[in-house]
Structure formats: structure tokens, C-alpha cells
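The values are calculated or read from the model by the stated rules, or taken from the named source; none is laboratory data. If you're wondering where the values come from, they're calculated on a predicted model, not measured in any experiment. Cβ: placed from backbone, ideal geometry, glycine included. Neighbour counts: every protein chain shown. Note: areas computed on protein heavy atoms with side chains; ligands, DNA, RNA excluded. Shrake-Rupley method; radii C 1.70, N 1.55, O 1.52, S 1.80 Å.
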Amino acid sequence: MDWEDRLDEWEMELELTAQLEGSDWVTLEKAAAETGVSRAALRSWYRTDQIPSRLVDGPHGPQRLVPLAVIAERAEASPRLRRTAERRLSDEAQLELLRHRVDQLELRLAALERQAPQDIA
């Protein structure tokens, strides 16, 4: 590879980086985390041209980017993915209620422990 080829390649990388900054293109991992869509489903979608994707150099080699808005829209339209997200939210809400209940019980226990020495005397 000569210097001119390397320079052209570097300029293309800079242009792509400039295009991606400020856009909603994200890694498969981030798209999966934010939308609830599995990485396997994302791979299937881009391999069958159901969603656009880009392959860019990442810190550990090539990585695939997908548009987050497109993934979120598609996930919201899917009844199965919507149920999964609702179930996850429901689980989180139940966990928060349980945490609140444990906090209340700890306060009541502390109050009872403060009263106990007075009752013995």
C-alpha cells in the first residue's frame, strides 16, 4: 500500500466519523440495550436488509452500527418486543415497590428497637 492509498483511506475514515458524530447510529450492543431487541435479531435484520447498517473501525476492530431511531420504531411496532419491554418495566416497578416496602420495614424495626430498652427498665 502506498502513501496515496493510505491517505485516501484515512480521508474516507475522517468523513465517515464526521457523518456519524451527532447522528443516531449506534453499536449493536447499545441498540440492544436501549430497545430490548436482541443482538441476534439485529444481526438478522441487517443481514436480510430489513434495516440499514454500517461497518466501521472500532477500538477493537470492525464494528457494526445501526440507526437507533429505526430500531426503536421497529421494536415498538413488534407486539412480542413490546410485551417484553412492558414485562421488564413491570418487573422493575415491582422491584421498586419491594425496595420501598423493605425500607418501611427497616424503619419500623428501628423504631421497635429504640422502644425495647425502655420497656425492659
Are there any pairs with C-beta distances below 7 angstrom linking a residue in region 85-103 that is surrounded by 11 or more Cβ atoms within 10 Å (Cβ to Cβ) to a residue that is modelled with pLDDT of 80 or more, with the two at least 6 apart or on different chains, and if so which?
-> A85/G36; R88/G36
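Within region 35-44, restricting attention to residues that are exposed (fewer than 14 other Cβ atoms within 10 Å of the Cβ) and among the hydroxyl-bearing types (S, T, Y), which residue is nearest to the chain's Cα centre (by Cα)?
This residue is S38.
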Unique residue being hydrophobic (A, V, I, L, M, F, W, C) and modelled with pLDDT under 85 when the list is L105, L65, L81 = L81
Test: residue in region 11-34 that is at pLDDT 85 or above, open to solvent by 70 Å² or more (accessible area, probe 1.4 Å) and not aliphatic (A, V, I, L, M) = yes
